[in-house]
1. Which FRET efficiency value, to the nearest 0.05, do you get for residue 84 and residue 175 by plugging their Cβ-Cβ distance into 1/(1 + (r/R0)^6) with R0 = 22 Å?
2. Based on the Cβ-Cβ distance from residue 126 to residue 215, what FRET efficiency comes out when R0 is 56 Å, to the nearest 0.05?
3. Looking at the range 2-328 only, what percent of DSSP beta bridges run antiparallel? Nearest 5 please.
4. How tilted is helix 48-58 with respect to the longest principal axis of the chain? Cα atoms for both, answer in degrees (0 to 90, nearest 10).
5. Any idea how far apart residue 10 and residue 33 come out in nm if each label point goes 7 Å out from Cα toward Cβ?
6. May I ask you to derive the relative contact order of the chain, considering only C-alpha pairs under 8 Å and at least 6 residues apart, and to give it as an integer percent?
7. Taking 30 Å as R0, compute the FRET efficiency from the Cβ-Cβ separation of residue 288 and residue 49 and round it to 0.05.
8. Mark the label point 7 Å from the Cα of residue 103 along Cα→Cβ and return the residues of the range 29-57 whose backbone N is within less than 17 Å of it.
Ligand SMILES: NC(=O)c1ccc[n+]([C@@H]2O[C@H](COP(=O)([O-])OP(=O)(O)OC[C@H]3O[C@@H](n4cnc5c(N)ncnc54)[C@H](O)[C@@H]3O)[C@@H](O)[C@H]2O)c1
């Protein structure tokens, strides 16, 4: 299936959230294989630097990229950017779980109303397939296990759950093919260090830059499925191209299929620093209420249907990530 990407004839792709962490990697992978890409972003959490970075990496292919600065909350913009587009890879969102608890209305406007605008515009303009970023956070709505009732729901998780249901409804009602990809813990170059709600890997780097100890919540034995961003980007392209006799709507879990404890992650992370003084021992702080103990993706359906296989081991992904942070901060 990877070779299918390399041999792809020229198509036009809309990537929303193109200036963000994951969106910019999708743009980069598409441009590298000669595709035409339209990016949409309002720069609320993404930035020009990410796209400059893409430009440096893809050279002359960058001429196949055009950027629209705009907001998915505008129906007019959504209609305009989906004209003459083959595939939509929708990444734009209000992305923080914690932030969504502080800003539930904004989360709904962007992640639910904005989502519907872009999905509806894709349907009106007859795009071939609508692929969208969902999240492992959705799983909280699916579990029948009473012992998990304290697992954290949030306006963010709700919005992603609503996205999956809305896509399913549009597929069955209007015959638009949709695929949701539930990402787990994504990491890699261009992940933001600046957000007050940074994810674990960038937040550790930020602490180290400030000569503070990186924090570990609880005993550090919780597990997560950490996935390198290039694998997530490839999964999006594979989802658009897979030629199985697919149902109109599907959802896949995308990560590595293997979990690591937070302490294991920290050990891998430490190994990337030339001296242990640059990566001090972590500080253990109280565990966060409602956080799930173990999380791992079941990637078997994505392997079977999309031909998705993660290519990056955590050692390699972390080393590329820390190198990028050290060169850019
Ligand atoms: N990073 C992860 O671990 C992770 C895990 C699960 C799901 N996701 C999902 O993946 C997608 C990409 O996340 P990311 O980590 O790259 O975050 P990011 O903040 O780097 O990217 C989001 C991009 O969307 C843009 N955006 C936000 N609101 C917009 C709006 N109203 N109109 C137009 N553009 C807008 C931002 O400016 C940014 O460039 C999101 O949908 C997120 O929910 C991410």
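Each value in this text was obtained by applying a stated rule to the coordinates, not by laboratory testing. Being a predicted model, the structure only gives us computed values, none of them experimental. Note: ideal-geometry Cβ built from the backbone for every residue, glycine included; neighbour counts use all protein chains shown.
1. The computed FRET efficiency comes out at 0.65.
2. Once rounded, the FRET efficiency stands at 0.70.
3. Bridges in the range 2-328 are about 5 percent antiparallel.
4. Tilt relative to the chain: about 80 degrees.
5. Roughly 1.7 nm, to one decimal.
6. RCO, the chain: 17 percent.
7. So the FRET efficiency works out to roughly 0.50.
8. Hits in the range 29-57 for residue 103 at 17 Å: 41-48.
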